[in-house]
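Novice: Can you keep this structure in mind? I'll have questions shortly.
The values are calculated or read from the model by the stated rules, or taken from the named source; none is laboratory data. Because the structure is predicted, anything quoted here is derived from the model rather than measured. Counting neighbours? That spans all protein chains shown, and the Cβs are built from the backbone with ideal geometry, glycine included.
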Amino acid sequence: MDRSPSIKTTRNSKIDISSGKSSRFKYAVANCQGWRSTQEDAHLIICNFEENTSLFAVFDGHNGPEVAKFAAKYFPKHLTRNINYRQGNIQRGLQEAFMALDELLLTKEGNDVLLHFREKSAYKSTKPIEINETSHPLSYFTGSTAVLLLIKNDIYYCANVGDSRCIICRDRKPKQLSKDHYPDLIEERERIEKAGGIVVNGRINKAINVSRSLGDHWYKRNLKLNQKQQMIIAWPHINVEKIQQEDEFFVLICDGIWNSINNQDLIEFISKRIDHDDLSNVCHDVIKRILSPTPSTDQIVGKDNMTIMIVKRFSFDSNNKFDPSTSNVRISSSIIQSHCSHRNNLNCRKFKN
């Protein structure tokens, strides 16, 4: 993600790929660090999140991988604990889960997790910060986009903040379910300016180029405003659609992918291969096509972190019952265990992986 570019002179061209399937889907996800100094993306895949419910997400971190990793690890439990979600109001539940997760980042428990992630990562900030980081939670200085697709029976629920995308291949044509959140958009700019910010060259206060994200609490600290009125907000765009028979597959991608290939070309590229090639190979070929061979600094195309998730359906039959034997859970190499009802308690044994 292009927030504080840190292009290096050596390329990490290793492409990490994983794949799996359930009774309803088969999937593959690939990521590559590229020319960035660190890998800041994360993802989660839970084919059998609940009965007849699947959950897929990609998180694109900036100024560090911490918030992306935090979201991938803890969002599912926040969602299942939400009252509206449990009562069947999926849209409201998703919105509230995003906001609750963002709030959790500011707690001591949340910050301790972020600091733990930073200690484990190789990330070192290359952007000078004029204030003392130790006097604020780490989420003041690091953040992440999020794009999430929850499929329940025959309904898509897409939720996103920032510019990572969810695209459906419908009758061999792209249909974007997510919405890119940029400071230049009228609705976003009006909110930013009312909160005391400015938009210059598509960036808030000449710095960050997305207007919604998890974390980035330096832009959410106006005490006179609620959390949906700040310069940057975690309130997601929600798109609810009924699944169509023409829907062949969907992709979740970060901007490191779509900055290099538009939606139409990406869907065409995948469509030509998906029926006769393994999904892992297709993901690999997308990244291989995009990855820049040189570290030229005149553009970001082909140099950013890249993550692509391709999910192909077997069936969207709402009568397809949950089969525990086909359950496949993947959260950026972490496994969800039991859900904890103790709100905002990261120290609870059941909350930890």
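Novice: Any idea how many residues of the range 190-233 are in contact (Cβ under 8 Å) with a residue 12 or more places away in the chain and in a helix (DSSP H, G or I)?
Specialist: Residues meeting the conditions: 6.
Novice: Select from the range 32-76 the residues that are modelled with pLDDT under 90, farther than 25 Å from residue 137 by Cα and out of contact with any Leu (no Cβ under 9 Å at 6 or more places or on another chain) and list them in ascending order.
Specialist: 33 - this is the single residue of the range 32-76 that is modelled with pLDDT under 90, farther than 25 Å from residue 137 by Cα and out of contact with any Leu (no Cβ under 9 Å at 6 or more places or on another chain).
Novice: Give the range 143-162 a look and list any residue that's within 11 Å of residue 54 (Cα to Cα) and modelled with pLDDT of 95 or more, or say none.
Specialist: 148, 149, 150, 151, 152, 155, 156, 157, listed by residue number.
Novice: Can you name every residue in the range 10-59 that is hydroxyl-bearing (Ser, Thr, Tyr), more than 18 Å from the chain's Cα centre (by Cα) and buried (at least 20 other Cβ atoms within 10 Å of the Cβ)?
Specialist: Of everything in the range 10-59, just one residue is hydroxyl-bearing (Ser, Thr, Tyr), more than 18 Å from the chain's Cα centre (by Cα) and buried (at least 20 other Cβ atoms within 10 Å of the Cβ), namely 22.
Novice: Over 22 Å from residue 180 (Cα atoms) and either surrounded by 15 or more Cβ atoms within 10 Å (Cβ to Cβ) or at pLDDT 90 or above (or both): which single residue out of 251, 311, 286, 282 fits that description?
Specialist: The conditions single out 282.
Novice: Shifting gears a bit: In this structure, is residue 144 over 23 Å from residue 105 (Cα atoms) and small (Gly, Ala, Ser)? It would help to see each step written out before you state the result.
Specialist: Details: over 23 Å from residue 105 (Cα atoms): no; small (Gly, Ala, Ser): yes.
Here the answer is no, as residue 144 does not meet what is asked.
Novice: Additional query: Taking the stated definitions as given, is residue 238 under 21 Å from the mean Cα position of the chain (by Cα), crowded, with 23+ Cβ neighbours inside 10 Å and modelled with pLDDT of 95 or more?
Specialist: Here the answer is no, as residue 238 does not meet what is asked.
Novice: Additional query: Hey, residue 242 hits all of (1) in contact with a helix residue (DSSP H, G or I) (Cβ under 9 Å, 6 or more places away or on another chain); (2) on the phi < 0 side of the Ramachandran plot; (3) touching a residue at least 40 places away in the same chain (Cβ under 8 Å) but one; which does it fall short on?
Specialist: Just one mismatch for residue 242, condition (1).
Novice: Name every residue in the range 205-218 that is farther than 18 Å from residue 160 by Cα and either of a type in the set (S, T, N, Q) or crowded, with 24+ Cβ neighbours inside 10 Å (or both), in order of residue number.
Specialist: Matches in the range 205-218: 205 only.
Novice: Could you grab me the full set of residues in the range 43-101 that are acidic (Asp, Glu) and out of contact with any helix residue (DSSP H, G or I) (no Cβ under 8 Å at 6 or more places or on another chain)?
Specialist: Correct list: 51 only.
Novice: List pairs: first residue in the range 256-270 and of a type in the set (Val, Ile, Thr), second residue surrounded by 15 or more Cβ atoms within 10 Å (Cβ to Cβ) and not in a helix (DSSP H, G or I) anywhere in the structure, Cβ distance under 6 angstrom, at least six positions apart or on different chains.
Specialist: Pairs found: 257/306; 257/308; 267/169; 267/174.
Novice: Follow-up question, since we're still on this one. Tell me which of these residue 272 doesn't satisfy, since it passes every other one: (1) of a type outside the set (S, T, N, Q); (2) closer than 22 Å to residue 60 by Cβ; (3) modelled with pLDDT of 90 or more; (4) surrounded by fewer than 16 Cβ atoms within 10 Å (Cβ to Cβ).
Specialist: Answer for residue 272: the failing condition is (2).
Novice: Moving to a separate point now. So which residues in the range 159-174 are under 15 Å from residue 148 (Cα atoms) and either without any contact (Cβ under 8 Å) to a residue 60 or more places away in the chain or not in a loop (DSSP other than H, G, I, E, B) (or both), if there are any at all?
Specialist: Listed by number, the residues that qualify are 159, 160, 161, 165, 166, 167, 168.
Novice: Would you check if residue 227 is closer than 28 Å to residue 193 by Cα and within 23 Å of the chain's Cα centre (by Cα)?
Specialist: Judged against the criteria, residue 227 is a match.
Novice: Which residue is surrounded by the most Cβ atoms within 10 Å (Cβ to Cβ), if the candidates are limited to the range 65-98 and must be basic (Lys, Arg) and over 15 Å from residue 42 (Cβ atoms)?
Specialist: Filtering first and then ranking leaves 77.
Novice: What are the residue pairs meeting all of these: first residue in the range 100-112, first residue on the phi < 0 side of the Ramachandran plot, second residue of a type in the set (Asp, Glu) and part of a helix (DSSP H, G or I), Cβ atoms under 8 Å, and 6 or more apart or on different chains?
Specialist: From residues that are on the phi < 0 side of the Ramachandran plot, there are no pairs.
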